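The values are calculated or read from the model by the stated rules, or taken from the named source; none is laboratory data. Everything quoted here is computed from the prediction, not taken from an experiment. Cβ atoms come from the backbone with ideal geometry, glycine included; neighbour counts cover every protein chain shown.
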Amino acid sequence: MALNPDLVGRQYPPSPVYVVGREKVREFAAAINDTNPLSTDLDAARAAGFADLVAPPTFAFVITHVAMGNAMFDPDLGLDYTRVVHGEQRFEYHRPLVAGDEVTVVAMITSIRAAAGNDMLTLRSDVLDPAGDVIVSTHSVIVARGTGSKEAA
């Protein structure tokens, strides 16, 4: 079944507050083999002018995946998750995420298109500081295999 294109533009409620934890930053850096001292050494991060450890760029996915799930599992969308593969991920930073940041996430469906028999769902998730300013936006393309038109959109 094809995805419901009427959902393009739908925005989901903000996530609960997520506090970026110092040890979570270190653990994530270790998991992806990121040896940047700004993510592992508090003294180095402070010497570089940051209040705390700087999260690696892809850390934002840790924060946004739950908000993205709100969109992907929206019953109005019609997504069969057993057909899903992750097609693409992009990060657009306005400033680094730093341990101690208290953030929320707002997710939105930005496009749905068919390509080669698949549906391509594009989601944007904005990570916001308490003032509502965007720290980072993630752009994710989710591919629903075999659910779209055979003709490219």
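Odds and ends about this structure:
- Selection within segment 89-117 - surrounded by 17 or more Cβ atoms within 10 Å (Cβ to Cβ), over 15 Å from the mean Cα position of the chain (by Cα) and more than 30 Å from Leu79 (Cα to Cα): Val98, Ala99, Asp101
The rows are residues; the columns are (1) closer than 26 Å to Met120 by Cβ; (2) modelled with pLDDT under 95; (3) not aliphatic (A, V, I, L, M).
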{"position": "Ala31", "(1), (2), (3)": "no, no, no"}
{"position": "Asp34", "(1), (2), (3)": "no, no, yes"}
{"position": "Ala44", "(1), (2), (3)": "no, no, no"}
{"position": "Phe59", "(1), (2), (3)": "yes, no, yes"}
{"position": "His65", "(1), (2), (3)": "yes, yes, yes"}
{"position": "His86", "(1), (2), (3)": "yes, yes, yes"}
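- Tally of residues being under 13 Å from Ala71 (Cβ atoms), in contact with a helix residue (DSSP H, G or I) (Cβ under 7 Å, 6 or more places away or on another chain) and either β-branched (Val, Ile, Thr) or not in a strand (DSSP E or B) (or both) across segment 108-145: 4
- Just one of (1) closer than 30 Å to Asp43 by Cα; (2) of a type in the set (A, V, I, L, M, F, W, C); (3) under 16 Å from the mean Cα position of the chain (by Cα) fails for Leu123. It is (1).
- Boolean, Leu77 is without any contact (Cβ under 8 Å) to a residue 40 or more places away in the chain, out of contact with any Asp or Glu (no Cβ under 7 Å at 6 or more places or on another chain) and either surrounded by 15 or more Cβ atoms within 10 Å (Cβ to Cβ) or not in a loop (DSSP other than H, G, I, E, B) (or both): no
- A single entry from Met120, Met72 fulfils the requirement of being touching a residue at least 60 places away in the same chain (Cβ under 8 Å) and hydrophobic (A, V, I, L, M, F, W, C): Met72.
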